[in-house]
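First up is the structure itself, then whatever we jot down about it.
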There are 2 protein chains.
Amino acid sequence: MAPSLDPRQALDRLAAALLVVRASGHPADGQRRYPRWELDNASLQRLLRRGVGGVILLGGSAAELRLRTRQLAAWAIEPLLLCADVEEGVGQRFEGASWLVPPLALARIHAADPALALDLARRYGACTAREARQLGLNWVLAPVCDVNNNPANPVINVRAWGEDPGTAGALAAAFCRGAQAEGVLGCAKHFPGHGDTASDSHLELPLLPHSRARLEAVELPPFRDAIDADVAAVMTAHLLLPALDAEHPATLSRAVLTGLLREELGFQGLIVTDALVMEAIAGRYGASEAAVLALEAGADLVLMPGDAEGAIDAIVAAVRSGRLSLEQLQTSLERRRLALARCPADGGASASSPLGSLSNGPSAPDRALALELVQRSLERRGKGSVGAGPGVNLIRLDNSLGCPFLPGGAPALALPAAAGLRACLIDGQGPSPWSGDGEAPLALERLGEGPVLLQLFVRGNPFRGRADGPDPWPAVIRQLQAAGRLAGLAVYGSPYAWETLQPLLAPDLPAAWSAGQMALAQSELLGRLGFGAHASGGAGHGAAAGGDFTD
Amino acid sequence: MAPSLDPRQALDRLAAALLVVRASGHPADGQRRYPRWELDNASLQRLLRRGVGGVILLGGSAAELRLRTRQLAAWAIEPLLLCADVEEGVGQRFEGASWLVPPLALARIHAADPALALDLARRYGACTAREARQLGLNWVLAPVCDVNNNPANPVINVRAWGEDPGTAGALAAAFCRGAQAEGVLGCAKHFPGHGDTASDSHLELPLLPHSRARLEAVELPPFRDAIDADVAAVMTAHLLLPALDAEHPATLSRAVLTGLLREELGFQGLIVTDALVMEAIAGRYGASEAAVLALEAGADLVLMPGDAEGAIDAIVAAVRSGRLSLEQLQTSLERRRLALARCPADGGASASSPLGSLSNGPSAPDRALALELVQRSLERRGKGSVGAGPGVNLIRLDNSLGCPFLPGGAPALALPAAAGLRACLIDGQGPSPWSGDGEAPLALERLGEGPVLLQLFVRGNPFRGRADGPDPWPAVIRQLQAAGRLAGLAVYGSPYAWETLQPLLAPDLPAAWSAGQMALAQSELLGRLGFGAHASGGAGHGAAAGGDFTD
């Protein structure tokens, strides 16, 4: 700390430096999509002046993020940790950068060709980190090191690098090496392993009933691999593991963070909590008390405390009362300093290339990587092409409002439209498409005439726990085939949905799966089904928009 | 021209300087929403190096536009005209700036309080121009000077400043004075008046059969007023007016541009065509020939030629062959130079305030103006509040994909959701909500149980020419009232829709209209119907998002 500070100020600033608060990537308060969770600019400026040491960003385009990270750095009194959940490329969260297929797609490549998959994972990490750095981020909150051995997992699923510990660990470590070689920090998550839960820790506290031996066999190996790859940070899980700590969730457990991660696994880097505002923690412990408990347990950094001012005050009070030692916090601050020292300073930008190498979107090599990942992981079955319309382009998605992968003119709309198929979107926010008949669930007369191309955008857990009852899509496929109206099937996202549905198809029926949902996956997949020309590659909607002129 | 150029190069550059080409406000090619119409970056760089003198921008956020205008200026060899169709505030097109109610709302205020309306129109222009300049634009393609005396007009409608020439002219002139006092050029459009057409000149060439006397009485006065207000530019209409020119549409008519506008009306500023790629012109004359014809007729600048390289070549060839005089083009270039001389140079930006006064969205006075405009123009009828649910929030809109006024968490969704109303969106791209019974058109069983809040987002021409037949909403209102299920009505946009529907309502039924469709209009209108707290004002989705955490 600066020598001019009195001890009280110094302690306050020390506590503040260990927080990572949440901000929108959009520059203006009025643009925030989650104003309940994203600090307004006045609060951000106040907290950064007080010494808050990190910001996690969500929302906005690549251009907005570029302006935003400069703005935050200018408001701060010390170099900041600037991070984002860009697990699937920076374009997953910030339009204009590379959006890559989910990691689980690489696990499938790994089964056939491990060396190729490892090289792709390294390049995946390098692409993500290079673009992150170009936009002012110095910390990528990836790789996920959870083993997705439970297909019903609602939060990890295709975000994982494998369904077995060997694959997950090898690919996550390759990602990590690729990313950190670009001068950006990685973060292995969610320790000690969130892959085998069937409930969502955003909402409730999942319990993992496994023995220590089982954890050693399945959950821990990918974290060991990431630590061997010198991962800069590890993020904790909001999970109860009675085999390790009967009382506290991992995030708040001294046995897990200090005993297991720091001492047994020998991790020397930054331990960061998952978001403390998540209901599983905030609802039980209170946000400020949770921050103190996490540091007591051995965390170095506290992510998204519900009330940052309150968390700083609570940490200061805990040091004064002897609950937390000053030395421990200073050690955490030193770890933070060492991590930042691995990152080169944010460079400038020219007017003609305001986003550096991203000024015209992803670079040619990164576009080629995105395309190679889509092409190598795409699965196609059946024969021939989907015929031209008139007919129906029936699309299932979670939410068509603000949908990042389906702007007007996206290939999933434009290519079938060019073939005469009229779009009909089912997203749970329109008139019901359901007949009430479980054997023939679709009310076909509400969709229009002709053959149906069925496009399902499903990630996470499509087959359980939906508010509208058991998943109807297997029955829909049987119904459309029985009526002679199924022309083709496209599944974007979950391999489990694909594996459930494709055995139901008539042998010749044209169908394909991509783990990715973005424009590039749409154009490649539909190209394989015989639609239009392929898009030119890249993050955009290349094949989009025919006659439209303006909005 | 620079003395070092040989005559051939000088002529080429002169021709190029008179073009205004179209680009996306998004920085990367892959982000373009209309790739058929928006030049890619390689073409833009090539054209700007050749001397193209202007760019019209559409798409992207305020932050993206800020980067984009700097980038274009850096690519250009001379100062550029940088313009956009920001008729309803910069936020209408570029998120993060002020989005104001459509001009026609001020015409209604003018009927009751002319002085207030004139002051509001002046502030409307000042706000638009100030924000445009902050983001690097120097030319606002407004005000619309068309008189909307034909409610069936599909393209002008609420974009007009009045339904009579006196109101339209007075308010358009006030807008123009307010805008140009901020050092940004205005543009009166669409000469000689596009208000009384019932077809869309984007698609076909409308014919206006009026006599010269009628044009003097209705169409021309607002343009005279704008010229008196020293408007810097006038944009032509793609309209056939046999009383003035039996052969050529106004855009290509020497009688209209030179005879009427330049000589009779004495306009000394820039005459710019409407977009030449519009089918009404491009389909008939060919894009490059149309550029030559427009200049021959007396235009100074050519907007959106279909093929800019071809247009430059055609203009050069026309000078060489004697069709166009070099002196005329040099006069146009001089008018362009004089216009640019009215605009201060684009200033720099600091890291902490990258968008200048727009760094945290609109300024407090501009937020207050946006709120005042919504509040003064909002109409409320009936009594009491819309009760809490369970029930249905039935929303009609043109397209929910990429909808600028309805991102997830917008007040029209969030406020009814907080009151227990489940959203059901009808946008013509979902399962049909229609029963086939003209007297009871809604298939109520597809919507869910309970009372219905009906929210209609309608602009332009909601009651004619829809692909799905005659507008069903009057019958829907009768049906819902007969079933005892109509809880409230909100109309956003067309006053004609409101005037058609509100007489059908039971006397006490809570209902309201706003000319605006943006978040601020939603929160204010729903507040008047008894929903939640008002949003805090500004361009954003202040009252949005309850429990959502991430996407």
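The values are calculated or read from the model by the stated rules, or taken from the named source; none is laboratory data. Note that the structure is predicted; figures quoted are calculated from it, not measured. Every residue, glycine among them, receives a Cβ derived from its backbone with ideal geometry; neighbour counts consider all protein chains shown.
How many residues does the range A:417-426 contain that are free of Cβ contacts under 8 Å to residues at least 40 places away in the same chain and more than 8 Å from chain B (Cβ to nearest Cβ)? Reasoning before the result, please.
Filtering the range A:417-426 down to residues free of Cβ contacts under 8 Å to residues at least 40 places away in the same chain leaves A:420-426.
Going one step further and asking which of them are more than 8 Å from chain B (Cβ to nearest Cβ), we end up with A:420-422.
So the answer is 3.
Look at the range A:253-279: where a residue is within 14 Å of chain B (Cβ to nearest Cβ) and a partner is surrounded by fewer than 23 Cβ atoms within 10 Å (Cβ to Cβ) and aromatic (F, W, Y), sitting 6+ places away or on another chain with Cβ atoms under 9 Å, you get A:A275/A:W37; A:A275/B:F549; A:L276/A:Y285; A:V277/A:W37; A:V277/B:F549; A:M278/B:F549; A:E279/B:F549.
If the condition is being facing another protein chain (nearest Cβ under 10 Å) and either over 17 Å from A:A521 (Cα atoms) or part of a strand (DSSP E or B) (or both), then the range A:77-99 contributes A:D85, A:E95, A:A97.
Table: residues versus (1) within 22 Å of A:P510 (Cβ to Cβ); (2) surrounded by fewer than 20 Cβ atoms within 10 Å (Cβ to Cβ).
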site: A:C343; (1), (2): no, no
site: A:G361; (1), (2): no, no
site: A:S377; (1), (2): yes, no
site: A:G384; (1), (2): yes, yes
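What residue, of A:L58, A:L44, A:L65, is within 12 Å of chain B (Cβ to nearest Cβ), out of contact with any helix residue (DSSP H, G or I) (no Cβ under 9 Å at 6 or more places or on another chain) and buried (at least 23 other Cβ atoms within 10 Å of the Cβ)?
Working: A:L44 fails: out of contact with any helix residue (DSSP H, G or I) (no Cβ under 9 Å at 6 or more places or on another chain); A:L65 fails: out of contact with any helix residue (DSSP H, G or I) (no Cβ under 9 Å at 6 or more places or on another chain).
It is A:L58.
Taking the criterion of being surrounded by 24 or more Cβ atoms within 10 Å (Cβ to Cβ), away from chain B (no Cβ under 13 Å) and either free of Cβ contacts under 8 Å to residues at least 60 places away in the same chain or under 30 Å from A:P407 (Cα atoms) (or both), would at least one residue in the range A:24-32 satisfy it? No, every residue in the range A:24-32 fails to be surrounded by 24 or more Cβ atoms within 10 Å (Cβ to Cβ), away from chain B (no Cβ under 13 Å) and either free of Cβ contacts under 8 Å to residues at least 60 places away in the same chain or under 30 Å from A:P407 (Cα atoms) (or both). In the range B:34-46 there is no residue that is part of a helix (DSSP H, G or I), touching a strand residue (DSSP E or B) at 6+ places or on another chain (Cβ under 8 Å) and in the same structural domain as B:K189 (by TED's automatic domain parsing).
Being at pLDDT below 95 and either under 18 Å from B:A294 (Cβ atoms) or in the same structural domain as B:L137 (by TED's automatic domain parsing) (or both) holds for only one residue in B:D313, B:D307, and it is B:D307.
Selection of the range A:370-386 for residues being assigned to a loop (DSSP other than H, G, I, E, B) and either facing another protein chain (nearest Cβ under 9 Å) or more than 21 Å from A:L171 (Cβ to Cβ) (or both) yields A:G382, A:K383, A:G384, A:S385, A:V386.
The sole residue among B:A370, B:A388, B:A414 that is free of Cβ contacts under 8 Å to residues at least 60 places away in the same chain and farther than 30 Å from B:A15 by Cα is B:A388.
Got a sec? Which helices (runs of 4 or more DSSP H) wholly within the range A:257-369 have at least 2 residues that are more than 29 Å from A:G136 (Cβ to Cβ) and in contact with a Phe, Trp or Tyr (Cβ under 6 Å, 6 or more places away or on another chain)?
Values: elements: A:279-285, A:287-297, A:308-320, A:326-341.
So the answer is none; nothing clears 2.
Yes/no matrix, rows are residues, columns are (1) of a type in the set (K, R); (2) within 30 Å of A:P27 (Cβ to Cβ); (3) assigned by TED's automatic domain parsing to the domain that holds B:G488:
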position: B:S357; (1), (2), (3): no, yes, no
position: B:L373; (1), (2), (3): no, yes, no
position: B:K383; (1), (2), (3): yes, no, yes
position: B:G391; (1), (2), (3): no, no, yes
position: B:I395; (1), (2), (3): no, yes, yes
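Residues of the range B:387-410 being away from every other protein chain (no Cβ under 12 Å) and either under 21 Å from B:A515 (Cβ atoms) or not in a loop (DSSP other than H, G, I, E, B) (or both), which ones? Outline the logic, then answer.
If we filter the range B:387-410 for residues that are away from every other protein chain (no Cβ under 12 Å), which is where we start, we get B:387-391.
The answer is B:G391, and nothing else.
Against the condition within 16 Å of the chain's Cα centre (by Cα) and assigned to a loop (DSSP other than H, G, I, E, B), how does B:G183 come out, does it pass? When the stated conditions are applied, B:G183 does not pass them.
Is it true that A:E279 is surrounded by fewer than 24 Cβ atoms within 10 Å (Cβ to Cβ), in the same structural domain as A:D85 (by TED's automatic domain parsing) and either at pLDDT below 95 or closer than 21 Å to A:V319 by Cβ (or both)? Break it down stepwise before answering.
On the way: surrounded by fewer than 24 Cβ atoms within 10 Å (Cβ to Cβ): yes; in the same structural domain as A:D85 (by TED's automatic domain parsing): yes; either at pLDDT below 95 or closer than 21 Å to A:V319 by Cβ (or both): yes.
Here the answer is yes, as A:E279 does meet what is asked.
Reported count of residues in the range A:103-148, each being closer than 13 Å to A:L369 by Cα and either crowded, with 24+ Cβ neighbours inside 10 Å or touching a helix residue (DSSP H, G or I) at 6+ places or on another chain (Cβ under 7 Å) (or both), is 12. Per the listing A:L120, A:L104, A:L141, the residue uniquely of a type in the set (A, V, I, L, M) and either more than 17 Å from the chain's Cα centre (by Cα) or on the phi > 0 side of the Ramachandran plot (or both) is A:L120. Regarding A:L11, is this residue more than 10 Å from every other protein chain (Cβ to nearest Cβ), modelled with pLDDT of 95 or more and in contact with a helix residue (DSSP H, G or I) (Cβ under 9 Å, 6 or more places away or on another chain)? In short, yes.
Would a scan of the range A:282-298 turn up a residue that is more than 14 Å from chain B (Cβ to nearest Cβ), out of contact with any helix residue (DSSP H, G or I) (no Cβ under 7 Å at 6 or more places or on another chain) and surrounded by fewer than 17 Cβ atoms within 10 Å (Cβ to Cβ)? Looking through the range A:282-298, at least one residue is more than 14 Å from chain B (Cβ to nearest Cβ), out of contact with any helix residue (DSSP H, G or I) (no Cβ under 7 Å at 6 or more places or on another chain) and surrounded by fewer than 17 Cβ atoms within 10 Å (Cβ to Cβ). In this structure, is B:G436 part of a loop (DSSP other than H, G, I, E, B), within 10 Å of chain A (Cβ to nearest Cβ), under 28 Å from the mean Cα position of the chain (by Cα) and not hydrophobic (A, V, I, L, M, F, W, C)? No; evaluated as a whole, the condition is false for this residue.
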